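Enquirer: This structure is in C-alpha cells; I'll ask about it shortly.
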Amino acid sequence: MNTRNFLIAVLVVYTCCSFAQHPISISPRIDTTNIRNKAILELWQEYRQKRFENTFRRQTHDLSKYWAGSELVYRSFDFYRERLLKFDYLYVITPSYTLKIDSIDSDMFSLQILSMLDNTHRDSVPKCEDYYPAVLFSIKIIRDSIGYKLVNTFTFNKAKKQIYNIPPIRYYYDKDYPFDSLEVLQAHQKLLDFSEKYQLPFLNEPLIEFFVYPSVSIMNKDFGFDIHPFSQPSDIAPDIGGTQISENRMVFYGGLKSEGNIHEVLHILLRQITPKPTWFEEGVCTYYGGSVGKPYEEQKARLIKYLKEHPQEDFSKTDVFNFSDLGYNYTYAIMAVLAEYAEKQWGAERVLEMLRFETEANKNKSDFDAFWSLVSIYFETDKSEFALLLREILEINNK
C-alpha cells in the first residue's frame, strides 16, 4: 500500500468514527507505581491530549512547554509528528500502547509507543481488537531541574553525523555513508541554474540542512521509527524517497547518491512564493529533480510507454493522483510533463504564476480540485479531456 492509498484507508476510518481520542493502554511490564515512570507517562498522555485538542477541537494550547529547550530552536519541533506527515489521526487518536520505558542514563529515558490502525472499511465504529500495528516509535525524554521534557530521537542522531558545507546547504551523513562531493557540486550547479531561471534567491538565503541516507528505512530509524506506516517491504517498492520540513529549512532523502538529489531542496526554494507544495509544484520539482530516485526523462519515458500500451486510458477509472507502478510515480511524471510544457511554451514567469494560482485555489478547494482548476484555466482542458491533452503534449498518436 503506497502512501496515498494508506491515507485513503485512514480517511475511511475518519468517516466511520467520531473524533474521539482512544485512551493509552500501558503494558504490564511498566511499573506504574514508580515515580519516574508515572511522571513520564503523564507527560506523554498530557501532550497527546493537548495535541488532540489543538487539532480536532480548535484549541490553542502552547505545546512548546512539553519540549526540551534543545528542540525549540526549530519552528516545527515535533519531528515524530512531522515524519507522520503531520497526520494527527495516527499520532493522537488511534489506539496507542506504551510498551516500555528504558533508561539511557540517569537523566535520559526512552518511551516506546505502538499505535494501531483499522483498515477493514467497516460501516460501524471499529472495536479495539479490529486494529493492527501501524506505527512503532520511541520518544526520548530528559529530566532536568524542573521535571521531564520530550526530546526528538533525531536530535541525538544528528549530533553523531559528519558534516559537509557548500553554502547555503549543510549536508549531514553517517560515518559509513559513501558521501560523494562531486555529486554535491553537480547538484549545487543545478540549483544555481534553477534559482537564476526562476529568480529565486539561493546563495544568500538562510542555511538549509540536508540529511542524506542510503535508504528511507534508515532515515525513519533516525527519527525513532521501527515501524513506519508509509513504508513498504523492499520487494514491493524501492526503499527510496525524501521529504522536507520547510518551516525548519530541513531536507531528508534516502537512496543512491542522495546528496545529488535536488527535488526536496527545490521545495524549500519554492517556499519563497507559496506556503506549501501543490500538485503542480511536485511536477516542477520532478522535472528538475526526478522522483523515486529516477530522473525525469526516465519517468517520462515510462509514462509514454504506459500510454502507448493503454490507448483507451482516459483516467475515468485510473486515479491521476494515485497512479504509480513499482519504482515509477506516474502521478509526478504527469505533473512534470505539464511543468516542462508550461515552461517551454510560456516561460518560467508563467510557471510561477501557475504555482501561485493553484495555491490560491486551494484556499477554497481541495488540492485535487485546485489542480483541475489550474488545468482548466491554463491548459484550457477539462478533466474528461485530460488524457488527450497528455497524448498531444507527448506526441502520442494511438490511431
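The values are calculated or read from the model by the stated rules, or taken from the named source; none is laboratory data. Not measured: the values here are computed from a predicted model. Note: ideal-geometry Cβ built from the backbone for every residue, glycine included; neighbour counts use all protein chains shown.
Enquirer: Within the group Tyr328, Tyr341, which residue is within 27 Å of Val292 (Cα to Cα), touching a strand residue (DSSP E or B) at 6+ places or on another chain (Cβ under 9 Å) and in contact (Cβ under 8 Å) with a residue 12 or more places away in the chain?
Expert: Details: Tyr341 fails: touching a strand residue (DSSP E or B) at 6+ places or on another chain (Cβ under 9 Å).
Every option except Tyr328 fails the conditions.
Enquirer: Checking Ala301 against (1) assigned to a helix (DSSP H, G or I); (2) under 22 Å from Glu281 (Cβ atoms), only one condition comes out false. Which one?
Expert: Evaluating Ala301 over (1) assigned to a helix (DSSP H, G or I); (2) under 22 Å from Glu281 (Cβ atoms) leaves (2) as the failure.
Enquirer: Could you list, in sequence order, all residues of the range 205-225 that are part of a strand (DSSP E or B) and either more than 15 Å from Phe79 (Cβ to Cβ) or in contact with an Asp or Glu (Cβ under 9 Å, 6 or more places away or on another chain) (or both)?
Expert: Within the range 205-225, Ile208, Phe210, Phe211, Val212, Tyr213 meet the criteria.
Enquirer: Here is a further query. Within the range 192-216, which residues are in contact with a strand residue (DSSP E or B) (Cβ under 8 Å, 6 or more places away or on another chain) and either outside the structural domain of Gln244 (by TED's automatic domain parsing) or touching a residue at least 60 places away in the same chain (Cβ under 8 Å) (or both)?
Expert: Let us first name the residues in the range 192-216 that are in contact with a strand residue (DSSP E or B) (Cβ under 8 Å, 6 or more places away or on another chain), namely 207-216.
Of everything in the range 192-216, just one residue is in contact with a strand residue (DSSP E or B) (Cβ under 8 Å, 6 or more places away or on another chain) and either outside the structural domain of Gln244 (by TED's automatic domain parsing) or touching a residue at least 60 places away in the same chain (Cβ under 8 Å) (or both), namely Ile208.
Enquirer: Can you name the condition, by its number, that Ile236 falls short on among (1) within 22 Å of the chain's Cα centre (by Cα); (2) at pLDDT 95 or above?
Expert: Failed condition: (2).
Enquirer: Right, something else. Restricting attention to the range 192-204, which residues are part of a loop (DSSP other than H, G, I, E, B) and either closer than 22 Å to Ser258 by Cα or of a type in the set (Val, Ile, Thr) (or both)? Break it down into steps so the answer makes sense when it comes.
Expert: Filtering the range 192-204 for residues part of a loop (DSSP other than H, G, I, E, B) gives 198-204.
Phe202, Leu203 - these are the residues of the range 192-204 that are part of a loop (DSSP other than H, G, I, E, B) and either closer than 22 Å to Ser258 by Cα or of a type in the set (Val, Ile, Thr) (or both).
Enquirer: Conditions first: (1) surrounded by fewer than 18 Cβ atoms within 10 Å (Cβ to Cβ); (2) of a type in the set (D, E, K, R); (3) not in a strand (DSSP E or B). Glu282 passes all but one, so which condition is the exception?
Expert: Condition not satisfied by Glu282: (1).
Enquirer: Right, here's the next one. Can you name every residue in the range 226-259 that is among the hydroxyl-bearing types (Ser, Thr, Tyr) and part of a loop (DSSP other than H, G, I, E, B)? First the steps, then the outcome.
Expert: Taking the range 226-259 first, the residues among the hydroxyl-bearing types (Ser, Thr, Tyr) are 231, 234, 243, 246, 253, 258.
Those that are among the hydroxyl-bearing types (Ser, Thr, Tyr) and part of a loop (DSSP other than H, G, I, E, B): Ser231, Ser234.
Enquirer: If Ile262 satisfies every condition in (1) farther than 30 Å from Tyr74 by Cα; (2) in contact with a Phe, Trp or Tyr (Cβ under 9 Å, 6 or more places away or on another chain) but one, which is the exception?
Expert: Ile262 satisfies all of (1) farther than 30 Å from Tyr74 by Cα; (2) in contact with a Phe, Trp or Tyr (Cβ under 9 Å, 6 or more places away or on another chain) except (1).
Enquirer: Now for a separate question. Out of the residues in the range 306-354 that are in a helix (DSSP H, G or I) and among the aromatic types (Phe, Trp, Tyr), state the one that is surrounded by the fewest Cβ atoms within 10 Å (Cβ to Cβ). Give the derivation first.
Expert: Quick first cut of the range 306-354, residues in a helix (DSSP H, G or I) only: 306-309, 330-346, 348-354.
Keeping just the survivors that are among the aromatic types (Phe, Trp, Tyr) gives 306, 330, 332, 341, 346.
On the way: Tyr306: 16, Tyr330: 19, Tyr332: 24, Tyr341: 18, Trp346: 13.
Only one residue tops the list, namely Trp346.
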